[in-house]
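Each reported figure results from applying straightforward, stated rules to the coordinates on display, with no laboratory input. Every value quoted in this text rests on a predicted model; they were computed, and no experiment measured them. Glycine also receives a Cβ, built like all others from the backbone with ideal geometry; neighbour counts cover every protein chain displayed.
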Amino acid sequence: MKQYLITQTFCFVLATSSFSVAQQANVNLDFNPQKNTEKLVPYGGNLISPEVSDNHTITFRIKAPDAKKVELTGGPILLALKSKAAIPFEKGGDGVWTLTVGPVKPDIYVYRFLLDGVSIVDPNNTFTGASNQPGYSSVIVHGGEPAYYDAKNNPHGNVTRHIYHSDVLNGEREMFVYTPPGYDPKKKYPVLYLLGGSGELASGWGLDGRANFIADNLLAEEKMVPMIIAMPNNQVIHRNDPQHLEKTYVLFDAELRKQIVPYVDKHYSTIADRKGRAIAGLSMGGRHTQAVGMNALDLFSSFGILSAGDLETEKLNAAFFSDPDVQKKVDYLLVGLGSGELDNIGKRSTATHEALEKQGIKHEYYVGGDGAHDWGTWRHLLNYKLLPNLWKKK
């Protein structure tokens with residue numbers, strides 16, 4: 001059995017004498033995993049996979065006696081392992097394929113198996129993604145203390161799922177809305193409209209992005225302003241439509257103006273003007289923020305373009321740049337991306353940053369975190385940049 005190790009020196013201490021097995025936390029939500037000392041197989045499964053050890057190595061397994069080849073793939077996990085290609089498993093005499101990799105830094109990593117070239121989820125992993133794209137699995141590697149995205153023993157806000165009818169899109173839509181701990185209908189709260197990327201559902205920012213836990217923890221540390229976070233579904237037409245972008249911009253603008261914003265203002269105690277609204281999104285949601293949100297200065301005053309941008313920013317944001325008072329109307333604008341996506345998304349983000357800089361529009365351009373075009377980056381940007389800087393007292 002081959003073991004793929006990372007030689008980089010990490011900021012955590014690896015256990016040298018203990019290799020006890022940690023289990024992904026299926027019982028509690030807290031960071032401290034339930035140790036699977038009895039080697040129990042997941043309910044409905046036939047093997048333990050993934051198996052995370054205290055030294056932060058991960059063992060994957062799959063029983064596939066008739067398979068010719070099994071590999072580990074997925075951008076986030078391969079990036080963490082410094083591998084540019086899928087990593088092969090080794091087959092045992094019992095038909096079980098096994099691969100041990102790591103150690104990796106504590107985080108949540110998306111991965112898939114390639115079974116004779118076919119991409120599949122890990123059939124024994126209970127953490128399987130649910131979104132508007134083929135399935136994926138997540139492996140949670142815990143550190144010695146709760147991460148910024150973990151549920152902690154502090155006050156928690158509520159996340160409510162709303163189903164509403166859209167006259168714009170002629171159908172039933174969903175939206176998740178986070179209210180902070182101690183939400184008081186007698187008070188007025190600013191609202192962040194937080195958008196997903198291509199292939200994401202409205203639930204993505206909560207399930208994979210851990211937005212509610214991140215907000216809970218920042219509020220407990222007094223690092224952000226209490227706010228409402230509305231997470232609508234910005235998938236308005238089929239993602240593979242050849243005119244997806246052009247159609248989406250028009251439809252989503254109408255959906256925001258006629259359905260989403262009025263719905264939130266009606267059902268929650270909001271600061272119902274542009275100064276009390278921000279819009280941000282990841283990837284495709286970042287493009288929606290730029291093409292729709294930034295051209296709607298009558299609705300929003302703060303913006304977050306996460307892992308997105310446009311080579312023709314000035315053309316895309318014609319209404320934004322032509323507003324003579326644009327510099328006064330922008331309260332906060334973030335153009336952010338992960339350190340692992342500079343070669344692709346980075347070119348578009350840089351073009352957006354340079355266009356804003358050319359026009360003298362105040363904004364923050366930030367590259368950080370260890371991730372690429374994945375949730376590791378978007379959780380990082382939400383926690384360290386976007387939420388702490390919205391409606392920040394000056």
Just rank Trp391, Trp378, Trp205, fewest to most, by other beta-carbon atoms within 10 angstrom. Trp391, Trp205, Trp378
Going down the list Lys152/Lys187; Lys188/Lys385; Lys223/Lys315; Lys186/Lys358; Lys82/Lys275, which pairs span over 32 Å between their C-alpha atoms? Lys223/Lys315; Lys186/Lys358; Lys82/Lys275
So what is the relative contact order for segment 22-135, in percent, with contacts set as C-alpha pairs under 8 Å and at least six apart? 25 percent
Using only alpha-carbon positions, what ratio does the radius of gyration of segment 27-169 give when scaled by 2.2 N^0.38 Å? 1.20
Lys/Arg Cβ at +1, Asp/Glu Cβ at -1, dipole of the chain taken about the Cα centre: which of Ala308, Ala220, Ile58 is farthest positive-ward? Ala220
What is the order of His288, His162, fewest Cβ neighbours within 10 Å to most? His162, His288
Mind jotting down the three principal axis lengths of segment 162-251 based on Cα atoms? Whole angstrom, largest first. 46, 26, 19
Longest site-free stretch - the chain; sites: GluC sites (Glu not before Pro), DSSP loop, at most 13 other Cβ within 10 Å: 39-220
Going by the alpha-carbon gyration tensor, a ≥ b ≥ c the square roots of its eigenvalues, is segment 158-389 rounded (a/c under 1.5) or, if a/c is not under 1.5, prolate (a/b greater than b/c) versus oblate? rounded
Within 10 Å of each candidate Cβ there may be at most 16 other Cβ atoms; applying that plus a DSSP loop requirement, which trypsin sites (Lys or Arg not before Pro) in segment 59-128 survive? Lys68, Lys69, Lys82, Lys84
Test of understanding: express the Cα radius of gyration of the chain as a ratio to 2.2 N^0.38 Å, with N the residue count. 1.03
To check my understanding: the extent here is largest minus smallest coordinate of the Cα atoms along each principal axis. What are those three numbers for segment 256-394, in Å, largest first? 42, 31, 31
